[in-house]
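Notes to accompany the following structure.
The values are calculated or read from the model by the stated rules, or taken from the named source; none is laboratory data. Since we're looking at a predicted model, the values are computed, not measured. Because the Cβ atoms are built from the backbone with ideal geometry, glycine has one as well, and the counts that use them run over all protein chains shown.
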Amino acid sequence: MEIFMKEYKTFNQQLGILRKRGLIVPKDGRPKRFLEQENYYNVINGYKDLFLQKDINDNPLEPEKYLQGTHFNELKALFLFDRELRILFLKYILIFENSFKTVLSHEFSRKYPKANSYLDIKNYVNDNPKKVLQQISILTKTIHDKVDKNGAIKHYIEDHGSVPLWVLVNYLTVGNLAYLYTILKKPDKNIIAKYYSDKFNKQYKTETGLKFTSEDLSSALKIINLVRNKCAHDERLYNSNFGNVRVVNIAKYFDCICYDNRRMIVAILYLKILLDKRYFQKLYLELNKIFERYKNEFNTVSFYDVLKLMGIEMPDLQKLL
């Protein structure tokens, strides 16, 4: 099969095409310099959808046509807004990640104190041995890959003959940890979920008491992992859709009425529970500062259209502080 490549176009040619499609692009050289630095595909293809004219089925018109009055700076602002979101969320996800590694490794090691207990299939659920063996294989490979390199794993193997789980978890991704959590026995899952419930109830002095279940935590880990990957790989974040993740209970904990359980608001709700209060308050305040910086940068669309794609209604968000 013959492969047809798109014809190469210079930045000036690309900007000319955008102008023909109705985008207002200044000729002062700034848009060109911005695209030279950030990549045409990342900026335009990544963030144009909100500004395109749509048909009755909400699909972009063919050929593409921008909403009347759309300015290049609006796409630029959305691109930079999303970058700030990624930096912010990654910062606080890494804080949670460290907490979760600590809680999981210590609770598991307390329950199963023997050396290498995390490599024993009997310490996991017995209804899916293939899944358990796959995870044990990942743990074994992680040790094998690091044993010849200077670091904690090499030290523990040489001096103690085995690697404690609280050391090994530092070499695992949040995806690995989420997978590991899914194969824990139900009582072990519940203990870890209860840790976050108890911490939340103590720090926020709740009257009714949050009951954060193991199912809630499993969903949270999936969402957090998806967000983390988008942040780490510089992918578009603000309008992420988590429709394939089953989200349970999270909105009712905070009396959120208008939220969209497929959108970024869900990650914010989960981080409210998973982060220490002081860290969530910082996240909340920094997020609001980002909103304040960008809320007046859009003319063709409303900034609330951007927030809507994040699943955010401000009255619901304000309940979280």
query = Assuming Thr213 fulfils every condition listed in (1) surrounded by 13 or more Cβ atoms within 10 Å (Cβ to Cβ); (2) closer than 25 Å to Asp188 by Cα; (3) touching a Phe, Trp or Tyr at 6+ places or on another chain (Cβ under 9 Å) apart from one, which condition is it?
reply = (3)
task = Please enumerate the residues belonging to the stretch 120-133 that are assigned to a helix (DSSP H, G or I) and surrounded by 17 or more Cβ atoms within 10 Å (Cβ to Cβ).
result = Asn123, Val132
ask   = So which of Tyr92, Tyr66 ends up being out of contact with any Asp or Glu (no Cβ under 7 Å at 6 or more places or on another chain), modelled with pLDDT of 95 or more and not assigned by TED's automatic domain parsing to the domain that holds Ile191?
value = Tyr66
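Condition check ((1) in the same structural domain as Ser117 (by TED's automatic domain parsing); (2) modelled with pLDDT under 90; (3) among the charged types (D, E, K, R)) across all residues:
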site	(1), (2), (3)
Pro129	yes, no, no
Leu133	yes, no, no
Ile136	yes, no, no
Thr142	yes, no, no
Asp148	yes, yes, yes
Ser162	yes, no, no
Trp166	yes, no, no
Leu180	yes, no, no
Asp188	yes, no, yes
ask   = If you scan the stretch 302-321, which residues turn out to be assigned to a loop (DSSP other than H, G, I, E, B) and loosely packed, with under 15 Cβ neighbours inside 10 Å?
value = Ser302, Lys319, Leu321
ask   = Name the pairs whose Cβ atoms lie under 7 Å apart, with the first residue in the stretch 276-294 and touching a residue at least 12 places away in the same chain (Cβ under 8 Å) and over 13 Å from Val306 (Cβ atoms), the second of a type in the set (Ser, Thr, Tyr) and surrounded by 17 or more Cβ atoms within 10 Å (Cβ to Cβ), and 6 or more positions between them or separate chains?
value = Tyr279/Tyr92; Leu283/Tyr92
key: Residue among Asn225, Asn288, Asn244 that is within 17 Å of the chain's Cα centre (by Cα) and surrounded by 14 or more Cβ atoms within 10 Å (Cβ to Cβ)   = Asn225
inquiry  = Yes or no: the stretch 151-172 includes at least one residue that is part of a loop (DSSP other than H, G, I, E, B), in contact (Cβ under 8 Å) with a residue 40 or more places away in the chain and closer than 30 Å to Ser240 by Cα.
reply    = yes
